[in-house]
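J.: Below you'll find the structure I mean.
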Amino acid sequence: MSPSLSAIRNKVKLYKGHKVRYKALKGRRKTEEKMGVITEAYPHVFTLYVESQHGTVSFSYAELLTKEVELEILPEKKQLMQF
């Protein structure tokens with residue numbers, strides 16, 4: 001059973017501020033793979049800040065549901081304190 005839009009929306013909200021790697025289908029055998037940070041989660045769309053583009057991109061939750069966009073949450077790097 002596939003997740004509902006509300007379940008996807010809640011999961012995206014949970015990871016707000018986290019680094020992600022996304023893969024988006026851009027039509028005719030073209031894909032875009034980049035890294036970004038989830039900045040906002042609105043009722044119908046969410047935004048990512050993509051440093052390599054120095055800007056934001058937005059996707060709908062329906063694009064995640066239909067697998068036009070795939071998100072991979074990247075693990076947070078723990079910084080060691082050095083003395």
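J.: With unit charges on the beta carbon (Lys/Arg positive, Asp/Glu negative), name the residue among L65, G17, P43 whose Cα is farthest towards the positive pole of the charge dipole of the chain.
T.: After comparing all options, I get L65.
J.: Please list, by residue number, every one of the trypsin sites (Lys or Arg not before Pro) in the range 3-48 that is coil in DSSP and has at most 10 other beta-carbon atoms within 10 Å.
T.: Values: sites: R9, K11, K13, K16, K19, R21, K23, K26, R28, R29, K30, K34; in loops: K16, K26, R28, R29, K30.
Answer by residue number: K26, R28, R29, K30.
J.: Now for a separate question. Would you please calculate the Kirkwood hydrodynamic radius of the chain over all C-alpha pairs and express it in Å, rounded to one decimal?
T.: On the way: mean 1/r = 0.0734 Å⁻¹.
One decimal place: 13.6 Å for the Kirkwood radius.
J.: Counting alpha carbon pairs within less than 8 Å and at least 6 residues apart, what relative contact order, in whole percent, applies to the chain?
T.: Values: 131 pairs, mean separation 25.1, N = 83.
Across the chain, relative contact order equals 30 percent.
J.: Rank the residues H44, H18, H54 as a footprinting-exposure proxy: fewest other Cβ atoms within 10 Å of their Cβ go first.
T.: Working: H44 10, H18 15, H54 7.
Fewest-to-most Cβ neighbours within 10 Å comes out as H54, H44, H18.
Only the coordinates and a few stated rules stand behind these numbers; no lab work does. Just so it is clear, the structure is predicted and the values come from calculations on it, not from any experiment. Heads up, the Cβs are rebuilt from the backbone with ideal geometry, glycines too, and the neighbour counts pull from every protein chain shown.
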